[in-house]
Amino acid sequence: MQVEASNIEKVENIVPFLKAYPFPAFIHCSPPNETQGLDNRRISLHPAWSNRAFDTLFVSYDQFLTAIGLGEPLVAYGLWLEARDGLNDDEPMTHRLTLKIPWIDEGNDGLESEVNTELELVKSMLLDPHGQLHAIITSIPRAPLPKHGNAKSSLRHKKSRKRRNKPIKLYDLPTFRSSTAPPTAKPDSLSGSSATESGSSLYGHGGGPKMSEMVANYPWEKTPLGPQDQWDPCLKQAVQLTLSTPYPAATWWGPDLVLIYNDAYAEMSTTKHPRIFGQKGLEAWDELWETLGPALKTCMEGNPVYKKDDLLLMDRLENEEQSLEETYHSWSWTPILGADQKFYGVFNGTHETSSKVIAERRMNTLQLLGSRSSVAQNQEAFCQAAISSLSENDKDIPFAALYLMDADAPLDELEDALTTPQGPEIPRYHHPSSKLMFKLRGCIGFPAEHPYLPTTVRVVMNSLISPSVPEMDTELFSWPFQQAIASREPIRVSIPPSVSEGIEQRGWGDRVSHAIIMTLSSDADAKPLGIVILGLNTRRPFDADYSRWVDVLRSSLGSYLDGSISREEEVKRAENLSQLDAAKTALFSNASHELRTPLTLIAGPITECINEITEPTIQKKLVMAARNIDRLTRLVDSLMDFSRLEAGRLEGRYSPVLFGSYVADLASVFKAVVEKAKLEYTITYDENETRT
């Protein structure tokens, strides 16, 4: 798209770059012949030019502003657009836009809908020799862009004739200011510093101070690029854009792909900077050339390249044994046209996403551990769940060993070597003098019967033992179990080659040189439940993020282990209650049998006496005794029925009962007590009633 803009000149060098840029890119301009000071010049909200990717999304510039959202979003965009980057450190050079774009889905019968997407905008400010200010905007999608086919798949075919009132041709972008450029205002740069009269003014505008100075003073005559005054104008424009870009960016130029980058790229390179600056691409990134070489070749043929979360093993670790660091980058390479319309270089913008990718991988490990270990019903199931979960992250956990406490036996006396230390060092935790025994319950990467992985660990703890970590002797290596239990903090241990020999080289296939040993417990002051040994990632530094993840992992393992122990104890408690109920049932059954025999022996003689004695008073008392014996016998039978019921052997036997005589017999039990109180107690019922 182009609109009326009267004073845009000499931009033939950057337009091809923006045209080849794979995502929306556009230009805002200040009004021509602006008389305001540089700091007060306003920039039009309507873009002056846009590339094909921008035109694919928006019918007109008005639709672009509508997609931003009228009101507060548009005001925020305008304020960011007019901010002079470098004059105020609080002003961002990037801005995120959430856009709502009307769209016609060609694959869904032309159904009209609204597509939501998100773009992160990056701004570079340029000033042309005539004093006109230009904001060069490039974007990176942070949400999927709508798919499109030809021009009819969008709303463009409805409003394309109303796109602009006076279509004109955009010739070029502004050139850079130099010492020969006619000044139209005071010599202020957008970074707030004065432009010098030397050649450094070519690259001091908008770029970082360190790399701008390095570009100006570097001996380019010793490189394939030659002296700066002989550089292709397109190379100068690309270098200026690189230096003014706020995110890591670089320009690769010429057949040898000589590397020039900005301050953010230098910070990303860490130990490789500054030795790779101005070097040939193959020499600068030789460890990555298997990945970068084919991509650069494709880009130099005129095809932009974009990769998301791409694994790059950079040689920037300060480790003599292993210097390749695991890094991830989302990067794009855009070909750059020379003055003769041939491709001579590549513009490379990159965002390191290592923290995001690695954090997602470690979070997945924690989630998997939680889903498997949180339902473990006993310690054995917990060990299997924990080992299987940790084994799936072979990068951050190349090997592991899990010990659980088996016994705790108090000691009557401690050896002299474990008496209270006399030095000023005071431990953080206090334990009663005890012997702790831990058994190996699972491991990852260790072969069977590894000499430095004991199956049983016995630790004698003093109540005031020092938590200091001893120096590890190669010939007398031992894991600092005692110090880990005493300090309750993860302890990092250097592993000699003789110890790591035989351990499976999982993950990157490197020898693991460091490990973490940590104690598992449910509470900081509780008795330790277990010990874990974890090998560390050989291609990541043990930084704050890694340390925090280890702490979270330790807490999670301790919590899940404590939960499995609680569930196991609950099962044992239920089994004990079941055994107690069985013993009670057996007791009742035996007691019932023991009571039945004497009752039978008593009931026989009483029955005989009733039949032989004719004295009514005595006979009446004997009948009452016989009745009570029958009642007690029924109680004993009921007790036996309960025992049979709990054992599942009770069978119901039903027989008809005359209700009247049954109630009279039951009520007669209380007759003697009532008559002793000199009360009349009469029981009557219908003897002719035969219903049961």
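The values are calculated or read from the model by the stated rules, or taken from the named source; none is laboratory data. None of the values given here were measured: they were computed from a predicted structure. In this analysis, Cβ positions are derived from the backbone assuming ideal geometry, glycine residues included, and neighbour counts consider all displayed protein chains. Only protein heavy atoms, including side chains, enter the accessible area calculation; ligands, DNA and RNA are left aside. Shrake-Rupley method; radii C 1.70, N 1.55, O 1.52, S 1.80 Å.
Let me know the shape class of segment 510-628, please: from the alpha-carbon gyration tensor, a ≥ b ≥ c as square roots of the eigenvalues, rounded when a/c is under 1.5, otherwise prolate if a/b is greater than b/c, or oblate. Judged from the Cα gyration tensor, segment 510-628 comes out prolate (a/c at least 1.5, a/b above b/c). Using a probe of 1.4 Å, the accessible surface attributed to LYS307 totals some 70 Å² when neighbouring protein chains are kept in position. Sequentially through segment 330-339, phi angles give Karplus couplings (6.51, -1.76, 1.60; θ = phi - 60°) of 9, 9, 9, 10, 10, x, 10, 7, x, 5 Hz, Gly and Pro residues having no value and appearing as x. In this structure the amide hydrogen of GLY442, modeled in the peptide plane, comes within under 5 Å of the amide hydrogens of LEU402, none closer than 5 places in sequence on its chain. Counting charges near PHE382 (Lys, Arg +1; Asp, Glu -1) among other residues having Cβ under 11 Å from its Cβ returns a value of 0. For ALA266, neighbours were defined as the other residues whose beta-carbon sits under 14 Å from its Cβ, and their charges (Lys and Arg +1, Asp and Glu -1) total 0.
With the gyration tensor restricted to C-alpha atoms of segment 498-579, the semi-axes of the equivalent ellipsoid amount to 35, 16, 10 Å, longest first.
Using the alpha-carbon positions of segment 356-407, Rg (one decimal) and Dmax (whole number) come out as 12.0, 42 Å. By accessible area, using a 1.4 Å probe on protein heavy atoms only, segment 203-306 has 51% of its surface on carbon and sulfur.
Give me the tail of P(r) for segment 555-692 as a percent: Cα-Cα pairs with distance above 22 Å. Counting pairs separated by more than 22 Å, the tail of P(r) holds 65 percent. Excluding ligands, DNA and RNA, the accessible surface per residue across segment 269-404 is 43 Å² with a 1.4 Å probe. Solvent-accessible surface (1.4 Å probe) assigned to ARG441 amounts to roughly 80 Å².
Heavy-atom surface analysis with a 1.4 Å probe gives segment 552-692 a carbon and sulfur content of 57 percent of its accessible area.
The convex hull built on the alpha-carbon positions of segment 250-307 has an orientation-averaged projected area of 4.0 nm².
Excluding ligands, DNA and RNA, the accessible surface per residue across segment 557-637 is 69 Å² with a 1.4 Å probe. From the cross-link list LYS280/LYS342; LYS19/LYS222; LYS210/LYS356; LYS123/LYS272; LYS19/LYS356; LYS527/LYS572, which pairs have alpha carbons spaced over 23 Å apart? Beyond 23 Å between Cα atoms: LYS19/LYS222; LYS210/LYS356; LYS123/LYS272; LYS19/LYS356. Taking other residues whose beta carbon is less than 13 angstrom from the beta carbon of SER500, and scoring Lys, Arg as +1 and Asp, Glu as -1, yields -2. Across segment 385-400, computed HN-Hα scalar couplings (Karplus, 6.51 cos²θ - 1.76 cosθ + 1.60, θ = phi - 60°) run 5, 5, 5, 5, 6, 5, 5, 7, 9, 6, 7, 7, 10, x, 8, 7 Hz from first to last residue, x flagging Gly and Pro.
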